[in-house]
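The values are calculated or read from the model by the stated rules, or taken from the named source; none is laboratory data. Everything numeric here is computed off the predicted structure, so don't read it as measured data. Cβ coordinates were reconstructed from backbone atoms using ideal geometry, including for glycine residues, and neighbour counts include every protein chain displayed.
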Amino acid sequence: MINYARQTQEEQPEAPGPVEEHIAPAPRVSVQAFCETVETAAAVQSAGEDRRLGKAHLKIQMGGMAAAIEAYRSAPTPNVIVLESDARHDLLAGLDQLATVCDAGTRVVVIGRINDVMLYRELVRRGVSDYVLAPVGAIDVVRSICNLFSAPEAKAVGRIIAVVGAKGGVGASTISHNVAWAIARDLAMDAVVADLDLAFGTAGLDYNQDPPQGIADAVFSPDRVDTAFIDRLLSKCTDHLSLLAAPATLDRVYDFGSDAFDSVFDTLRATMPCIVLDIPHQWSGWTKRALIGADDILIVAAPDLANLRNTKNLFDLLKAARPNDRPPLYCLNQVGVPKRPEIAATEFAKAIESQPVVSIPFEPQIFGAAANNGQMIAEISANHKSIEMFLQIAQRLTGRSETKKQKSSLLSPLIEKLRGK
């Protein structure tokens, strides 16, 4: 009998969820699909181009069950086999025959057209990992393969949020740091800010931290990166917020390959529920890879023509590269600079074909004071209107609402005094 991983789900296969659902990326595995129809083969091909299967090695063949049995008579089986079949009895008989030539540990996903609980029970009894009803879309294939490696009892895989400026100097770092603060304080999520601007990063200054080690130690020592190593590099800002700081020095150059940060991101995903990437305004292989690989993206733009063009270009590229994800979000910052001609938010939305999450007004006094003091806006002024905007962004990016606060009563002050005693 094939030692397939068994699902712990309901008797009926799950109905496809919304595109915005959080699906954890698959690890480096080999996947071979044996399709019977061109439509299913096309869906599997599209799934292979999804960012969540970026590390998987996918191969597609036609011929269904018969081709799979023949292929593995003389070749080892991959980590995952995807089989398309539309016949009930042939499917069960074929699985029994496949078991004689299949390696232990291989997982099987079946794509079929029969919606029958008795068939599903027979498939589970034979050790099939998942049964997906045809016709399938790319996201159905992505979900099925990725869920094979997300054990129900395992800790939830972290969500990566990438924040990037449409142009230099638009305040993307300030926005990312304050949004991360809102995620940690108001949404009570453990979060880490990764400052990826190694030469000129400001996260250490904004959080008033000066750690001796940071993200550069991980990037330049990829062989040492593991959970314990990353934990030693993190600087604690609050109970829920940590910082992976940039060195912000010029004693070395920071020319990286496109996959330089992969091990860091993978390790952070396994240890933190939320990772906020402060991505510098530059276009290179690794910045593009970080943006495309993120679960959610926020573009920060100022209301002028160059920002509009760059935001539009980013939107178009990211939507094309991430067809199974929701589009990026964007916000307008530094709105209302005196005597500066600006493009209205309505015109921005018309060109981008999407509304900004918020429009943050230009208030140099409070933002400048926060930057110079190494504080967040919420620490400078607890009731400032921008704090609510940061919370709105945090809620949209994480898909969570604000944590409910306990209702106060007339006896609350007395109860607090008694607790203090």
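A few notes on this one:
- Residue check, residue 137 assigned by TED's automatic domain parsing to the domain that holds residue 46 and at positive phi: no
- Any hit, the range 246-265, residues being hydroxyl-bearing (Ser, Thr, Tyr), touching a helix residue (DSSP H, G or I) at 6+ places or on another chain (Cβ under 7 Å) and either surrounded by 18 or more Cβ atoms within 10 Å (Cβ to Cβ) or closer than 30 Å to residue 339 by Cα (or both): yes
- Of note, residue 363 does not satisfy the criterion of being loosely packed, with under 14 Cβ neighbours inside 10 Å and either more than 22 Å from the chain's Cα centre (by Cα) or of a type in the set (Phe, Trp, Tyr) (or both).
- When 188, 172 are checked against the criterion of being closer than 30 Å to residue 356 by Cα, surrounded by 23 or more Cβ atoms within 10 Å (Cβ to Cβ) and not aromatic (Phe, Trp, Tyr), a single residue qualifies: 172.
- Selection of the range 91-102 for residues being free of Cβ contacts under 8 Å to residues at least 60 places away in the same chain and either surrounded by 12 or more Cβ atoms within 10 Å (Cβ to Cβ) or in a helix (DSSP H, G or I) (or both) yields 91, 92, 93, 94, 95, 96, 97, 101.
- Residue list for the range 170-224, restricted to those being in a loop (DSSP other than H, G, I, E, B) and under 19 Å from the mean Cα position of the chain (by Cα): 187, 188, 189, 190, 196
- The range 129-169, residues that are in a loop (DSSP other than H, G, I, E, B), modelled with pLDDT of 90 or more and over 25 Å from the mean Cα position of the chain (by Cα): 135, 169
- Selection count, the range 343-364, where residues are acidic (Asp, Glu) and under 19 Å from residue 385 (Cβ atoms): 1
- The set of residues in the range 29-55 that are under 18 Å from residue 150 (Cα atoms) and in contact with a Pro (Cβ under 8 Å, 6 or more places away or on another chain) comprises 29, 30, 31, 50, 51, 52, 53, 54, 55.
- Members of the range 273-330 found to be more than 21 Å from residue 201 (Cα to Cα), surrounded by 23 or more Cβ atoms within 10 Å (Cβ to Cβ) and either of a type outside the set (S, T, N, Q) or free of Cβ contacts under 8 Å to residues at least 60 places away in the same chain (or both), listed by number: 295, 303, 330
- Scanning the range 303-330 for residues that are over 17 Å from residue 345 (Cα atoms) and in contact with a strand residue (DSSP E or B) (Cβ under 9 Å, 6 or more places away or on another chain) turns up 314, 318, 322, 325, 326, 327.
- With respect to being of a type outside the set (A, V, I, L, M, F, W, C), under 24 Å from residue 357 (Cβ atoms), in contact with a Gly (Cβ under 7 Å, 6 or more places away or on another chain) and not in a helix (DSSP H, G or I), residue 282 falls outside the description.
- In the set (1) within 25 Å of residue 150 (Cβ to Cβ); (2) free of Cβ contacts under 8 Å to residues at least 24 places away in the same chain; (3) of a type in the set (Phe, Trp, Tyr), residue 261 fails one condition alone, (2).
- Residue check, residue 74 of a type in the set (Ser, Thr, Tyr) and in contact (Cβ under 8 Å) with a residue 40 or more places away in the chain: no
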